[in-house]
Amino acid sequence: MLPAKFQGPCLALTTVFFWGTLPIALKQVIASVDVFTIVWLRFTTIALYMWIVLPHRAEGRLFLPLAHVFHHNPELHRHIASGPYNRKRTLLLILVAATGLGGNFVLYNTSVLYLTASACQIVSQAGPMLLMLGSVLVLHEPMHRIQVIGIPVLLTGITLFFNQNLGDLITPSAGTGTGVLVGLIAALVWAIFGIAQKIVLREMAPGRLMRLIYTIIALGLLPLATPSNLLNISSLFQALCLAYCCMNTMFAYGAFTKAMTCWETPKIGAVLTLTPSATLFFAWLLHCIAPETFFSEGLNLLGFFGALVTMTGACLIAVGPQLKHLLPGRHKA
């Protein structure tokens, strides 16, 4: 067993590994199975896992008692004091969160059809930026100066990453332009999910909320899925890639949740911004091992630099307010 001080970093890096390799596996499956079926199968798998495997202890009631909430959450006390507590509103927000997360998965999987694995990850880095802006507008959260600096850094990095396809970005009919547009919409609906989730988590246990959201998404996508398309998988390798996509969410979710219990959130956020670099590395490695199966990313030096700039901007946005805690402090004598 790892020493306690190494558990947090290892769990965060495990999450980076699973998130970073996901689009590479999706690339192998998306040509044979439609997007709705893949996403439906992934959410059905994680929902069953959370209902059957995960223990139901220490999750509290479906909605936390208001007295308990008031005592532990002064912000919610002010929120409810400013207007009537409305359980229907909470249920509506849960549906909004489920729609946002499900839409994000569908759109992200669709962008894989048009973009390389690393390009999908780079575009998805717009999600934290949109979540921050949405939190400022909707939840009136403060935005720090270093986060403001991170926005142009992030956008500059994305532009540099696509320096070889800048013309395609403004052409909707081009594959790259379509993929980037779909990826940005995916990031937007993920931000909507994040804002709705933030509000509901004030009065509902996290584990129970995510189990409910996963179940709603699985049931909602069922009419759109075509399970018979799974028979289009033509090889054991494709089947293994699909199984990996389904299990990926469980492993990444488990590692991330455990990391949150034993390591500081700002440090976890900083590590998670390395996800695009993991995709780039494993895409390169797998291309070297099996070039006929895994395609080259085809990036030039400026594209790699753009990936680095994008991750820097994402890091500033994610951990900007707490950045001073990540740096060696100065102690007064």
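The values are calculated or read from the model by the stated rules, or taken from the named source; none is laboratory data. As the structure is a computational prediction, the values presented were derived from the model and not from experiment. Neighbour counts are summed over all protein chains in view; Cβ atoms, including those assigned to glycine, are modelled from backbone coordinates with ideal geometry.
Identify, from the list ILE151, ILE192, ILE213, the residue that is out of contact with any Ser or Thr (no Cβ under 9 Å at 6 or more places or on another chain), surrounded by 17 or more Cβ atoms within 10 Å (Cβ to Cβ) and farther than 20 Å from PHE256 by Cβ. Lay out the reasoning, then the answer.
Details: ILE192 fails: out of contact with any Ser or Thr (no Cβ under 9 Å at 6 or more places or on another chain); ILE213 fails: farther than 20 Å from PHE256 by Cβ.
Only one candidate qualifies: ILE151.
Filter the stretch 238-257 down to residues that are closer than 11 Å to PRO9 by Cα and modelled with pLDDT under 80, then give me how many there are.
Filtering the stretch 238-257 down to residues closer than 11 Å to PRO9 by Cα leaves 255-256.
Now restrict to residues that are modelled with pLDDT under 80: 256.
So the answer is 1.
Restricting to the stretch 282-308, and then to whatever is within 21 Å of ALA31 (Cα to Cα), of a type in the set (A, V, I, L, M) and within 24 Å of the chain's Cα centre (by Cα), can you tell me which residue is surrounded by the most Cβ atoms within 10 Å (Cβ to Cβ)?
This residue is ALA283.
Can you pull out the residues in the stretch 227-238 that are among the hydrophobic types (A, V, I, L, M, F, W, C), surrounded by 15 or more Cβ atoms within 10 Å (Cβ to Cβ) and assigned to a helix (DSSP H, G or I)? Walk me through it before giving the result.
Of all residues in the stretch 227-238, those among the hydrophobic types (A, V, I, L, M, F, W, C) come to 230-231, 233, 236-237.
Now restrict to residues that are surrounded by 15 or more Cβ atoms within 10 Å (Cβ to Cβ): 230, 233.
Across the stretch 227-238, the qualifying residue is only LEU230.
Can you confirm whether the stretch 268-285 contains a residue that is of a type outside the set (S, T, N, Q), in contact (Cβ under 8 Å) with a residue 40 or more places away in the chain and not in a helix (DSSP H, G or I)?
yes
Of a type in the set (S, T, N, Q), in a helix (DSSP H, G or I) and buried (at least 19 other Cβ atoms within 10 Å of the Cβ): is that true of GLN164 in this structure? Give the steps one after another, and end with the answer.
On the way: of a type in the set (S, T, N, Q): yes; in a helix (DSSP H, G or I): yes; buried (at least 19 other Cβ atoms within 10 Å of the Cβ): no.
Spelling it out, it is not the case that GLN164 is of a type in the set (S, T, N, Q), in a helix (DSSP H, G or I) and buried (at least 19 other Cβ atoms within 10 Å of the Cβ).
Of LEU22, LEU115, which residue is at pLDDT 90 or above and either assigned to a helix (DSSP H, G or I) or of a type in the set (Val, Ile, Thr) (or both)? Break it down into steps so the answer makes sense when it comes.
Details: LEU115 fails: either assigned to a helix (DSSP H, G or I) or of a type in the set (Val, Ile, Thr) (or both).
After applying the criteria, what remains is LEU22.
Only one of GLY220, GLY175, GLY179 is buried (at least 17 other Cβ atoms within 10 Å of the Cβ) and in contact (Cβ under 8 Å) with a residue 12 or more places away in the chain; which? Even if it seems obvious, please write down each step before you answer.
Values: GLY220 fails: buried (at least 17 other Cβ atoms within 10 Å of the Cβ); GLY175 fails: buried (at least 17 other Cβ atoms within 10 Å of the Cβ).
The match here is GLY179.
Within the stretch 6-23, is even one residue buried (at least 18 other Cβ atoms within 10 Å of the Cβ) and under 11 Å from ASN109 (Cα atoms)?
yes
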